[in-house]
Amino acid sequence: MTTSVTETHLVAAPKILILGATGPTGRHIVSQAVSRGYDVTLLVRSPEKAADMKGAKIVVGDARDEKVLRQAIKGRDAVISAIGTPASPFREVTLLSTATRALVSVMKAERVSRLVAITGMGAGDSAGHGGLLFDNVFFPLLLRKVYADKNRQEAIIKNSGLDWTIVRPSILNNKPRSNAIRTLTDLSDFHGGSISRQDVATFILDQISSETWLRGSPLITG
């Protein structure tokens, strides 16, 4: 008689660094990551804004500072970048590309390869698919300079050699999580949409341990 023994392999919880954690979408990413039991580190400029984020380690500093980034990223398995910037109709925007360039440099130095980054509908080849109001009013009047920097950010990521995923959410809203997420790469019949920040957070965290969208840049919508 032969007895078969099934071994149980315990998989350690992912150790992640989250940038942009105190933003409206970043907060949902942090909350869901902690709820999943992930080992979470946050890099924030204002610790006061992160005071209510229980269950995460806080590192204080600027995401453009490589010295601070190296401190925050040590021992991490993956990085989530949810860095955002407000509309800027007149002033040039460089935060996203500058922070991403520093991040890529540090990830390579510390041998952390997995990066999941949020940009947005209107970046890269998703431009022109936001719908009449977004494409003809909001984008040219308020968001043109922001998206120029998002495009620079995406180019840095795509040329990084890292295991990256770029996520482009449609217009964000604060509705409850629906778990009804559409992922699109063929946008020929897509002309605008919206998605809840909670759904975006769920999708982002699911990518940490998935290769479905490895080196891909899907647009996600509700």
Next item on the list: Tell me the Kirkwood hydrodynamic radius of segment 132-222 in angstroms, computed as one over the mean inverse distance between distinct C-alpha pairs.
Entry: 14.3
Next item on the list: Report, ordered by chain and residue number, the lysines lying within cross-link reach of LYS54, taken as a straight Cα distance under 19 Å and ignoring same-chain residues fewer than 8 apart.
Entry: LYS15
Checklist line | Gained length - LEU133 relative to GLU92, 0.36 nm times residue gap less alpha-carbon distance | finding: 12.5 nm
Check: What is the Cα centroid distance between segment 84-127 and segment 146-197, reported in whole angstrom?
Finding: 12
Next item on the list: Calculate how steeply helix 197-207 sits against the longest principal axis of the alpha-carbon atoms of the chain, using the helix alpha-carbon long axis, and give the answer as 0 to 90 degrees to the nearest 10.
Entry: 50
Item checked: Computed over the chain: relative contact order in percent, which uses C-alpha pairs under 8 Å that are six or more apart -> 20
Note to self: Rounded to two decimals, what is the ratio between the C-alpha radius of gyration of segment 15-221 and 2.2 N^0.38 Å?
What the structure shows: 0.96
Check: To the nearest 10 degrees, how steeply does helix 24-35 sit against the main Cα axis of the chain, on a 0 to 90 scale?
Finding: 10
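Bear in mind that the values in this text are calculations on the coordinates, not laboratory data. Please read these numbers as outputs of a predicted model, since none were measured by experiment.
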